[in-house]
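Some notes on the structure that comes next.
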Amino acid sequence: MRITLIAAADNNWGIGLKGHLPWHHKEDLKHFRTRTMGKDLLLGRTTMETLPPLTGRRVHSLSSQNGDFRSLEEAISHFKEILVDELIIAGGAKLYEYSLGFCNSAEISRINGIYVCDTFMPDLRSKIGWKLVKVEEKTPNLKIEYWENECIKSK
């Protein structure tokens, strides 16, 4: 099973401000919708509470108290057991940090600029095994970065 981290981040890896995106970028939202449609998404409880309903996707929460899963290992085991081809990790910051060692790849919507943020994801450039393999320019203000974790081989 492939595990992909998906996020939108500014040039300083900022991803949020007071529980919300610090920008509104139509093309990024469109990319997220297209990329995640029909997929299983795993979100931290707090992130799940801040999002509108994500129709057309199977959304699951991770929380030690009220989530669908109490641990990332439990979630991964479940999705492997039911033969899911790809699990998408879709936030927030704590889940991104914890899941890096389990993810095969990451797709980062790079929102050009530096925004006021109080929440950041890990800087993949400083993480062992992570390598930027492709950049796709969507608009002058949006690029999609494709990262691979060389420590985990895809099947």
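Find all pairs meeting these conditions: Cβ atoms under 9 angstrom apart; at least six residues apart or on different chains; first residue within region 83-102 and more than 11 Å from Pro122 (Cα to Cα); second residue in a helix (DSSP H, G or I) and of a type in the set (Gly, Ala, Ser).
Leu87/Ala75; Ile89/Ser99
What residue, of Arg45, Arg35, is surrounded by 14 or more Cβ atoms within 10 Å (Cβ to Cβ), at pLDDT below 95 and either touching a helix residue (DSSP H, G or I) at 6+ places or on another chain (Cβ under 7 Å) or farther than 20 Å from Trp13 by Cα (or both)?
Matching residue, one of Arg45, Arg35: Arg45.
Every residue, every condition in (1) within 18 Å of His24 (Cβ to Cβ); (2) surrounded by 19 or more Cβ atoms within 10 Å (Cβ to Cβ); (3) touching a strand residue (DSSP E or B) at 6+ places or on another chain (Cβ under 6 Å), yes or no:
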position: Gly91; (1), (2), (3): yes, yes, yes
position: Glu97; (1), (2), (3): no, no, no
position: Ser109; (1), (2), (3): yes, yes, yes
position: Ile114; (1), (2), (3): yes, no, no
position: Leu124; (1), (2), (3): no, yes, yes
position: Trp130; (1), (2), (3): no, yes, yes
position: Glu137; (1), (2), (3): no, no, yes
position: Lys143; (1), (2), (3): yes, no, yes
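State all residues of region 71-80 that are of a type outside the set (A, V, I, L, M, F, W, C) and assigned to a helix (DSSP H, G or I); if no residue qualifies, say none.
Listed by number, the residues that qualify are Glu73, Glu74, Ser77, His78, Lys80.
Can you tell me which residue within region 129-155, out of those that are over 14 Å from the mean Cα position of the chain (by Cα), of a type in the set (A, V, I, L, M, F, W, C) and modelled with pLDDT of 95 or more, is nearest to Ser71 (Cα to Cα)?
Trp130
The values are calculated or read from the model by the stated rules, or taken from the named source; none is laboratory data. Everything numeric in this text was worked out from a predicted model, so none of it was measured. As a convention, Cβ positions derive from the backbone with ideal geometry for all residues, glycine included, and neighbour counts pool all protein chains shown.
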